[in-house]
Amino acid sequence: MKKNSNLRELMGYAGGHRYLTYLSLLLSAISAILALFPFVFLFRIIQEVIAVAPNYAQATHIVRNGWMAVGFAVLSIVIYVCALMSSHLSAFRIAGNIRKALMAHIAELPLGFIGETGSGKIRRIVSDSSAATETYLAHQLPDMSAAVTTPVCMIVMLFLFDWRFGLVSLLPVILGFAAMFKMAGPSMAEDMKLYQNALADMNNEAVEYVRGVPVVKTFGQTVHSFKRFKGTIDSYYEFVMSYCKKCRPSMLSYTVLVNSAFAFLIVLALILAGGGPVLLNFIFYVIFTPLIATAMTKVMFMSENGMIAADAMSRIHSILDVEPLPEPRSGKVPTDNDVVLENVTFRYTGGITDALRDVTIRVGAGETVALVGPSGGGKTTVAGLISRFWDVAGGSIQIGGINVKDIPKETLTDTVAYVFQDSRLLKASILENVRLAKPNASRQEVERVLHEAQCDDIIQKLPQGIDTVIGTKGVYLSGGEQQRIAIARVMLKNAPILILDEATAFADPENEALVQRAFERLSKGRTVIMIAHRLTTIKNADCIFVLREGRVEESGTHDTLVAGGGLYAKMWQDYQTSVSWKVGAAK
Ligand code: ADP
């Protein structure tokens, strides 16, 4: 039932090309029937040889029958090629349309979804899962049509020639399937679930292990972290081994039985032990029955192929079924640039606790505020919510007095610019990378913002200046350099509200100073919300919000907070100690 609905859905993506898929099924079935004809002519040849023996010179039809066999074999191949051609035309169209549908949908989804799902996983679904449907439709489906047609015709033929031999050559197939059925009973679904779980555990632990490598290296915890990973590998190994052992008898019986039709035929031939006709039929069936094994094995894998295609479809749906955030019907455009979060509560999908609880933050137009606090406090979440990567669960976020939910997406993107810590640049020229923010910007405009974003030294050292393509041979930029280019891009966009995520680490102080200066230029005359890691950079902020465990623990200017003696005061003290320690160490 499910498989049919998957197929119907796939055909929906084919448009007018769906008839090509149906045509390919028909052609493939015809080709399968034609492929059996050479055996008929082979039968005639053997028949003639036995009839005239030992005066072989009297056998005059051998050559003609031989050519007929070759002719049908060639015809069958030609028709199969035609079947594949039409199935491919349709399959490529379907996979292409699925990719387009996915990309169009992803473009509608909030950035939060991309962040939570991970761009790697999304890429795999867009490219690999759609490719899986292509393999299924282009190859497996026509092969399935042939795999069903062949045994049906064979059974007809087997009985047509000599029903006794026919029956006997089917016997091993029936027994083989009975053996298989024992294996594939209801316990199989349960075993499959256990198998998937063991596999998932192992993968998760592998990821955790790799993620923990820096910690492991620093603190030398090799044994402990490796133990858990090894534990999951061991249990996976044990499960797979015991499962294999469980399947072994059935699989063995099946393989032996379907390939041993000749043994059954010998027994029957000995029992019948007649003259010419029995020998003739015996020879024919010995040649013919191995085809049964091939056809049956194809039928067996049919359900597996169907499962792979169904899995691909469910992955595709894991993206297509995600609803975009609701767009306002009559969008409002904010006229002021103040940002107000009022009693905001938010929890991530799958999160056990609220990432933010009752958070109130007010930022006047043109002000600069800083978000600080321990890791996991909620700084990134606040920044993401202002850009509407997700919608709040409770409370509201307003820009210029208008709820962000009522601001059309394009307007919001033009109003709020987010400078990420790890701003990615595309493999394109610097000019094109900056122009992404404003496609119709002139070259002079781009040069101006690059200059303002302190990028002169970068441009100078590049072989083709701003036309140099990043990521080509030998052209790599450091993290700080990339961030300056990203700042130039945001400058070009000219959004009145900025969210800046300060980089946590810089390789060299010179880069750090340049990025700071670029940030300062960028911030001029704009409302700025800054996620700060280095406390010196925010001493002059209009207000500092200290977030801990999803709440605003305290807020105020640098001086009032230091005087208050709370968490910020402690952080400031620690920070100064670490800075003086660094300076001391450098001496
Ligand atoms: P900060 O930026 O201050 O380090 P975050 O805003 O990133 O803090 O995180 C706030 C809380 O939300 C943390 O408890 C964190 O574990 C949780 N969190 C962050 N991102 C996700 C996510 N994608 N899914 C589930 N929980 C998350």
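The table below gives the values:
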read-out: Those residues of region 15-74 which are of a type in the set (Gly, Ala, Ser) and more than 21 Å from ILE292 (Cα to Cα), in sequence order; value: GLY15, GLY16, SER24, ALA51, ALA53, ALA57, ALA59, GLY66, GLY71
read-out: Helices (runs of 4 or more DSSP H) within region 255-353 that include 3 or more residues touching a Pro at 6+ places or on another chain (Cβ under 6 Å); value: none
read-out: Selection within region 385-402 - within 16 Å of the ligand (Cβ to nearest atom), in a loop (DSSP other than H, G, I, E, B) and of a type outside the set (Ser, Thr, Tyr); value: ARG388, PHE389, TRP390, ASP391, VAL392, ALA393
read-out: Sole exception among (1) modelled with pLDDT under 80; (2) open to solvent by less than 30 Å² (accessible area, probe 1.4 Å); (3) closer than 16 Å to LEU265 by Cα for GLY185, by number; value: (3)
read-out: Only one of SER90, SER76 that is touching a Lys or Arg at 6+ places or on another chain (Cβ under 7 Å), open to solvent by less than 50 Å² (accessible area, probe 1.4 Å) and polar (S, T, N, Q); value: SER90
read-out: Test: GLY366 is more than 16 Å from the ligand (Cβ to nearest atom), assigned to a loop (DSSP other than H, G, I, E, B), within 25 Å of HIS533 (Cβ to Cβ) and touching a residue at least 60 places away in the same chain (Cβ under 8 Å); value: yes
read-out: Qualifying positions in region 308-329 - touching a residue at least 60 places away in the same chain (Cβ under 8 Å), among the small types (Gly, Ala, Ser) and open to solvent by 50 Å² or more (accessible area, probe 1.4 Å); value: SER318
read-out: Yes/no for ARG315 being at pLDDT 90 or above, more than 9 Å from the ligand (Cβ to nearest atom) and among the basic types (Lys, Arg); value: no
read-out: Test result for VAL382, hydrophobic (A, V, I, L, M, F, W, C), closer than 19 Å to GLU549 by Cα, within 16 Å of the ligand (Cβ to nearest atom) and within 29 Å of the chain's Cα centre (by Cα); value: yes
read-out: Residue list for region 330-349, filter: surrounded by fewer than 20 Cβ atoms within 10 Å (Cβ to Cβ), under 30 Å from ARG123 (Cβ atoms) and not β-branched (Val, Ile, Thr); value: ARG347, TYR348
read-out: Counted residues, region 66-95 - those being in contact with a Pro (Cβ under 6 Å, 6 or more places away or on another chain) and more than 14 Å from TYR136 (Cβ to Cβ); value: 4
read-out: Selected residue [surrounded by fewer than 19 Cβ atoms within 10 Å (Cβ to Cβ) and within 16 Å of the ligand (Cβ to nearest atom)] from ILE361, ILE352; value: ILE352
read-out: Of all residues making up region 114-145, the number that are surrounded by fewer than 22 Cβ atoms within 10 Å (Cβ to Cβ), among the β-branched types (Val, Ile, Thr) and more than 8 Å from the chain's Cα centre (by Cα); value: 3
read-out: Region 406-435: number of residues that are of a type in the set (A, V, I, L, M), part of a loop (DSSP other than H, G, I, E, B) and under 19 Å from GLY115 (Cβ atoms); value: 2
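The values are calculated or read from the model by the stated rules, or taken from the named source; none is laboratory data. Everything numeric in this text was worked out from a predicted model, so none of it was measured. Positions of Cβ are generated from backbone atoms using ideal geometry, with glycine treated the same way; all protein chains shown enter the neighbour counts. For the accessible areas, the whole protein counts, side chains as well, though only heavy atoms, and no ligand, DNA or RNA atoms are used. Shrake-Rupley method; radii C 1.70, N 1.55, O 1.52, S 1.80 Å.
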